[in-house]
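Asker: Just dropping this structure here.
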């Protein structure tokens, strides 16, 4: 029988191997196809009660191959919802959300991802807040696999609002390896379905 430390090591290695496979798979999605997926997922998110009821929406800065949050942000602006982006405060999985009024409030941050400038207004939780959580893959049990830094799992541990993860349907898996630190998502939205 394996020691607990050996089991943990194997679990982490298996998860990292899966993460690399998923990153490669996602890169293979054609840009035209991705644009269609992004539009369809955005439409489904905007139609949820969680989005309609939210006065504050927490989004992420999309990288080239990630779900593009641009349409969500645009819709928030049209509906006068406050928009917040994450700022990584260290490399240990800690972040805070800051209000972003426009693109001028963003700059290249810690992981070469756009982050709000530190002088932006800090996020204060309100009722019915919504956070859009990035993921590489998810399953129908609403487990997700992210990028391995633990930022969102730490944040979700004390978040009282609704969490939604956009995920391309071809990235949905039947099994996602999880441990006690992995937080489930309230709603997974794909280009084909909404998983509640």
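Asker: Got the relative contact order for segment 78-135 handy, in percent, Cα pairs under 8 Å and 6 or more residues apart? The partial results should precede the final answer.
Answerer: Values: 71 pairs, mean separation 16.7, N = 58.
Result for segment 78-135 is 29 percent.
Asker: Which of the three applies to segment 26-141, rounded, prolate or oblate, going by the alpha-carbon gyration tensor with a ≥ b ≥ c and a/c under 1.5 meaning rounded?
Answerer: oblate
Asker: Rg to Rh ratio, segment 76-196, alpha-carbon atoms and Kirkwood radius?
Answerer: Radius of gyration relative to Kirkwood radius: 0.96.
Asker: Report for segment 62-196 the percent antiparallel among DSSP-assigned beta bridges with both residues inside it, nearest 5.
Answerer: Roughly 65 percent of the beta bridges in segment 62-196 run antiparallel, per DSSP.
Asker: Okay, moving on. Could you work out the relative contact order of segment 1-131? I mean the mean sequence separation of Cα pairs under 8 Å and 6+ apart, divided by the number of residues, in percent. Walk me through the intermediate numbers first.
Answerer: Details: 147 pairs, mean separation 28.0, N = 131.
RCO, segment 1-131: 21 percent.
Asker: I want to verify a result. In a Gaussian network model of the chain, Cα cutoff 10 Å, which of these has the top mean-square fluctuation: 97, 181, 51?
Answerer: Its mean-square fluctuation being the largest, the pick is 181.
Asker: Against the longest principal axis of the chain, how steep is helix 4-27, in degrees 0 to 90 to the nearest 10, with axes from Cα atoms?
Answerer: Result, in degrees: 50.
Asker: Right, here's the next one. Could you tell me the center-to-center distance, by alpha carbons, between segment 29-79 and segment 98-149 in angstrom?
Answerer: Between the Cα centres of segment 29-79 and segment 98-149 lies a distance of 13 Å.
Asker: Out of all DSSP beta bridges in segment 21-102, what portion is antiparallel? Express it as a percent rounded to 5.
Answerer: Details: 5 of 8 bridges.
Percentage antiparallel, nearest 5: 60.
Asker: Using alpha carbons only, what's the Rg to Rh ratio of segment 128-176 with Rh from Kirkwood?
Answerer: 0.96
Asker: How much FRET efficiency would the formula 1/(1 + (r/R0)^6) give for residue 43 and residue 118, where r is the Cβ-Cβ distance and R0 is 35 Å, rounded to 0.05?
Answerer: Result of the calculation: an efficiency of 0.55.
Asker: Continuing with the same structure: Calculate for the chain the 222 nm mean residue ellipticity that helices alone would give, adding -39,500 (n - 2.57) per DSSP H run of length 4 or more and normalising by residue count, nearest 500 deg cm²/dmol.
Answerer: -9500 deg cm²/dmol, from helical runs alone.
Asker: Here is a further query. Which residue fluctuates most in the GNM of the chain (Cα springs below 10 Å): 147, 85, 111?
Answerer: Residue with maximal mean-square fluctuation among 147, 85, 111: 111.
Where a number appears in this text, it was derived from the coordinates with a stated rule and is not lab data. All values derive from a computational prediction rather than experimental measurement. Glycine also receives a Cβ, built like all others from the backbone with ideal geometry; neighbour counts cover every protein chain displayed.
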